[in-house]
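Asker: I have a structure here, written as structure tokens, and I will follow up with some questions on it.
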Amino acid sequence: MSKFKKKSGEAISLFPLLILLTCTIGTLVLGIFTLSIGNTAIDYQQRRQKLLEDKSRELLDKREALERLTQLIGEAEKDERALAQARTELDRLEREQVDAQKNRLAYLNLKAEDEKLQERIKDLDILSKSKGSETEQLREALKVVKRPKEKKIMVTGVPGDGREDLIPYFVDCASDVLVIYEEADKTRILKGDLPTSKTFKTFLSRISSQQKGILIFLIRPDGVSLYDRAVRIANEQKVKNGKLPLPGYGELDLTSFKATRK
């Protein structure tokens, strides 16, 4: 048999194709990794920026809260001091009110005794003229009936516009009588006679004629009604005036103002 030679052809190599695929896959992997790293960095920067903004807002809120708390503490301290002063003033006013009530009760008792003596005098006048001597004795007894003995009330300070060169003139307002103080003299005017009293109007005219003169009403606990009536008359005559409430019915001490009139 004749032998036939096989035709030898070149074998097909796949190596370049594999290299190309490997390079392509590597490039894709590198791109994906680069994109992933870039996104991760962006996310990290965004989260970091957001965290910084949150911390800044939180710090600002805490700082504002601290300022508000400091302000509230300061206001609370002021309120506490004001409250302590108010309590002290309230205690003082309560003590003065208790003293005034005691004096008021004593005064009412004496006033009731005064009214009984007045009724007794009327009865004696009606029953018999022959008992005139007894009536006169009762009248004399009535004149010496006075309010209970109290300590003197020292009057200091002149209400007004704060000037220290004012010349004060004083009137004492009780329940039914107004007392004018002039030097060592005292002039009494009954409540019913006040609107037509020439003495009071002359006194007001003398004060209004002085540029530095000022009328000071000293108001007893039961003298508000008389004060209202007297101050209207003073205002009608355009007399500068002020007022000082008195804590009781004691005798007035005006010695601190004597030098002012000289």
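The values are calculated or read from the model by the stated rules, or taken from the named source; none is laboratory data. As the structure is a prediction and not an experimental result, all values here were calculated from the model. As a convention, Cβ positions derive from the backbone with ideal geometry for all residues, glycine included, and neighbour counts pool all protein chains shown.
Asker: So which residues in the stretch 217-246 are within 16 Å of Phe170 (Cβ to Cβ) and in contact (Cβ under 8 Å) with a residue 60 or more places away in the chain, if there are any at all?
Answerer: Leu218, Lys240, Gly242, Lys243, Leu244, Leu246
Asker: Going by the structure shown, is Gly162 small (Gly, Ala, Ser) and at pLDDT below 75?
Answerer: yes
Asker: Could you grab me the full set of residues in the stretch 207-243 that are among the aliphatic types (A, V, I, L, M), within 20 Å of Asp165 (Cβ to Cβ) and part of a strand (DSSP E or B)?
Answerer: Ile214, Leu215, Ile216
Asker: Yes or no: the stretch 25-39 includes at least one residue that is β-branched (Val, Ile, Thr), out of contact with any helix residue (DSSP H, G or I) (no Cβ under 8 Å at 6 or more places or on another chain), assigned to a helix (DSSP H, G or I) and at pLDDT below 80.
Answerer: Yes, some residue in the stretch 25-39 is β-branched (Val, Ile, Thr), out of contact with any helix residue (DSSP H, G or I) (no Cβ under 8 Å at 6 or more places or on another chain), assigned to a helix (DSSP H, G or I) and at pLDDT below 80.
Asker: Quick one: how many residues across the stretch 191-217 are β-branched (Val, Ile, Thr) and buried (at least 16 other Cβ atoms within 10 Å of the Cβ)?
Answerer: 3
Asker: For the structure I just gave you, tell me whether Leu83 is at pLDDT 85 or above and either under 30 Å from Pro247 (Cβ atoms) or touching a Leu at 6+ places or on another chain (Cβ under 6 Å) (or both).
Answerer: yes
Asker: A further question follows. Being surrounded by fewer than 18 Cβ atoms within 10 Å (Cβ to Cβ) and either touching a Pro at 6+ places or on another chain (Cβ under 7 Å) or under 24 Å from Leu108 (Cβ atoms) (or both) narrows it down to one of Arg232, Arg220, Arg188, so name that one.
Answerer: Residue meeting the stated conditions: Arg188.
Asker: Additional query: Of a type in the set (S, T, N, Q) and in contact (Cβ under 8 Å) with a residue 12 or more places away in the chain: is that true of Ser208 in this structure?
Answerer: yes
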